[in-house]
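Remarks on the structure that follows.
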Amino acid sequence: MKKRIVALGLCAAMTAGTMVGCSSGGSDQSTDTTAVQAEAGDAATPQQESEGSDGPAPVASEDLEGSLVFAIWDNNLMDYIDENDMVGKFQEVYPNVDIEVEKIKDDSEYWNAMKMRTSANQLPDVMFNKPFTLSRFKDYLLDLSDLEATKNNELAAGYAIDGKILGVPMTAGYEYVYYWKDMFAEAGVEVPDTWEELKTAAQTLQDHFGKDDPDFMAIALGAKDEWPDYPYMEFMPALEGSNGQNWNDMAKTDAPFAEGTDIRKAYDKVNDLFTMDVFGKDPLGMGNDQVTTLFAQKQAAILALGDWGLQNIQSGTDDYSELGTFYLPVRDSESDPFRVIVQGDSFMGVTTHSKNPEAAKAFVEWFYSDAWYPGYINYVSSASSMTNFPKEKDPILAEADALQPDMELVMYDGGGDDFQAIQNEIAFDYKKLGSQMFTDGFDLEAELESLNEKWAAARTKLGIQ
């Protein structure tokens, strides 16, 4: 019985015969996909060709054999694998299957590696994807619709491509608005349920506490870093139209920022909020770490961040007994659906390059079974994606759910290759655009008109239909 856990960088991961160059990589959403698209014609392996549409008959665990490569980039997952002998535990059930866990440095290097391996016909047996890379690798991933792990996953079906479920998301991520209950109570403010109520609450808080503290900010943001405006600039267009595929749909039109579109409605709302005097004296002068610290010390009343932000807030204060959460209320009226963003993350899939696809599928099933998944999901701060292994939320985060028992979940996709190609061509950065709204004299309407012109030209140049 052989157990191997290997930590490799991009260059070390490639064999000498197929090495075509190494790159430090950039943003994981801007990776060139030419190689991926070029090789789509020879994705099938003899094993898949012989299986037929219904797949092979089930194989007993002792009859499965062979070697698997499981490629990851997640440091937390690697630590948990090391500490809990994942390979050994799997081999207790499948003694004749050897697993090599390959840890790649980070996600940027991971996508560079996967792109090159696609060209070399050397993808790992089991790989992870993000929502926006599923379409990139769709010709190289097997349909996992029939797996029990897939059927028990609350998000997988929402990310199906052409009717096929190509990956099982390991975690679910939610976004929250953190607030101080005692500050709301002192100012006579209720938790907002609509966008206008949010604006009114912010102004009331600013007026109440700002009269005695000129540095007070009703809403903490950290616009100096640009990225902290993502709850508004990235997610609100999807929430506006209940369309997690909003970015992909934008790639299909020449004027996605026109009056009446979801992104235009969302950005008009954001601009109205960002131009109010509720973000302190200098929102562009402070970054996320600074405003999170100030929020923890009650120098601000509201802060929008993901579930990962809770620990940062708690570490900045000795008393978080009055800390609460609600979901960002984007809707116009209480009669509209209350929509909440949820993201699947780390979609585990089996590649068409696998020489042992049934063993690889068995590994996916095992990973999401009670033999492994419950321990892992309780090890990390993210929410469970499995209906059969629910994870109790932190009581502070659970308050947001209690406030919106009838919420409508919008499964968010970060935008596929066509969107990213246009985005790169015209240098469209929604987070930077949000920061620009804080500058004097910024004209959102003119900016969106300019973006429409650039967008149409980019679609023509890139040949995107």
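Roughly how many Å² is the accessible area per residue of the chain, as a whole number, for a 1.4 Å probe? Before the final figure, lay out the partial values.
Numbers: 19590 Å² over 465 residues.
Ligands and nucleic acids excluded, the figure is 42 Å² per residue.
First measure r as the distance between the Cβ atoms of residue 298 and residue 440, then evaluate 1/(1 + (r/R0)^6) with R0 = 25 Å and state the FRET efficiency to the nearest 0.05.
For residue 298 and residue 440, the calculated efficiency is 0.30.
How large a share of the accessible area of the chain, in percent, is made up of carbon and sulfur atoms when the probe is 1.4 Å and the other protein chains stay in place?
About 45 percent, which is the carbon plus sulfur part of the accessible surface.
Can you give the Rg and Dmax of the range 276-406 based on its C-alpha atoms, in angstrom?
19.8, 61
For residue 372, what charge total do you get from the other residues with a beta carbon under 13 Å from its beta carbon, if Lys and Arg give +1 and Asp and Glu give -1? Spell out each step's value before the answer.
On the way: positive: 89; negative: 83, 85, 92, 365, 370.
It works out to a net charge of -4.
By average Cβ neighbour count within 10 Å, what is the ranking of 311-319, 169-177, 329-337 from highest down?
169-177, 329-337, 311-319
Distance from a point 7 Å along Cα→Cβ of residue 464 to each backbone N in the range 377-421: keep the residues under 12 Å and list them by number.
Zone members listed by number: 415-421.
Quick one: angle between helix 75-84 and the longest Cα principal axis of the chain, in degrees between 0 and 90, rounded to 10, please.
Around 50 degrees separate the two axes.
Assuming 0.36 nm per residue, please report the length gained on full extension of the stretch residue 425 to residue 450 beyond their Cα-Cα distance.
Additional length available on full extension: 7.6 nm.
For the Cα atoms of the chain, what angle does the longest principal axis make with the long axis of helix 444-462, in degrees from 0 to 90, nearest 10?
20
Quick one: of the DSSP bridges fully inside the chain, what percent are antiparallel, nearest 5? Intermediate results must be reported in sequence, preceding the final value.
On the way: 24 of 43 bridges.
Of those bridges, close to 55 percent are antiparallel.
Modelling each spin label as a point 7 Å along the Cα-to-Cβ direction, I'd like the residue 252/residue 404 distance in nm, to one decimal.
2.6
Just grab the label-to-label distance for residue 259 and residue 318, each label 7 Å out from Cα along the Cβ direction, in nm (one decimal).
So the label points at residue 259 and residue 318 sit 5.7 nm apart.
Going by amide H atoms built from the backbone, whose H comes under 5 Å of the H on residue 437, apart from near neighbours?
none
Less than 15 Å from a label point 7 Å out along the Cα-to-Cβ axis of residue 379: which backbone N atoms in the range 94-117 qualify, by residue?
What the label zone holds, given the 15 Å backbone N cut-off, is 101-103.
Quick check for me: using +1 on Lys/Arg Cβ and -1 on Asp/Glu Cβ, what's the dipole size of the chain about its Cα centre, in debye to the nearest 20?
Dipole about the Cα centre, nearest 20: 1180 debye.
Can you compute the FRET efficiency between residue 370 and residue 182 using 1/(1 + (r/R0)^6), with r the Cβ-Cβ distance and R0 = 51 Å? Round to the nearest 0.05.
0.80
For the chain, find the longest principal axis of its Cα atoms and tell me its angle to the long axis of helix 357-367, 0 to 90°, nearest 10.
Here the helix axis deviates by roughly 40 degrees.
Determine ³J(HN,Hα), in whole Hz, for all residues of the range 313-319 in sequence, where each value follows from phi through the Karplus function 6.51 cos²θ - 1.76 cosθ + 1.60 and θ = phi - 60°; x replaces Gly and Pro.
Karplus values, whole Hz, x for Gly and Pro: 5, 4, 6, x, 9, 8, 9.
What do you get when you divide the Cα radius of gyration of the range 231-289 by 2.2 N^0.38 Å, with N the number of residues? It would help to have the intermediate numbers written out before the result.
Working: Rg = 13.7 Å, N = 59, 2.2 N^0.38 = 10.4 Å.
So the Cα radius of gyration is 1.33 times the expected 2.2 N^0.38 Å.
Restricting to Cα pairs below 8 Å that are 6+ residues apart, what does the relative contact order work out to for the chain? Please round to a whole percent.
This gives 24 percent for the chain.
Provide the packing ranking of 266-274, 406-414, i.e. peptides ordered by the mean count of other C-beta atoms within 10 Å per residue, highest first.
Descending mean neighbour count gives 266-274, 406-414.
Just to be sure I understand: if I project the alpha-carbon convex hull of the chain onto a plane and average over all orientations, what area do I get in nm²?
23.3
Please tell me the relative contact order of the range 237-357 in percent, rounded to the nearest whole number, where contacts are Cα pairs under 8 Å and at least six residues apart.
Relative contact order of the range 237-357: 21 percent.
The values are calculated or read from the model by the stated rules, or taken from the named source; none is laboratory data. Quick caveat, the model's predicted, so the values are computed rather than measured. Positions of Cβ are backbone-derived with ideal geometry, glycine not excepted, and every protein chain shown enters the neighbour counts. In case anyone asks, the SASA skips ligands and DNA or RNA and just uses the protein heavy atoms, side chains included. Shrake-Rupley method; radii C 1.70, N 1.55, O 1.52, S 1.80 Å.
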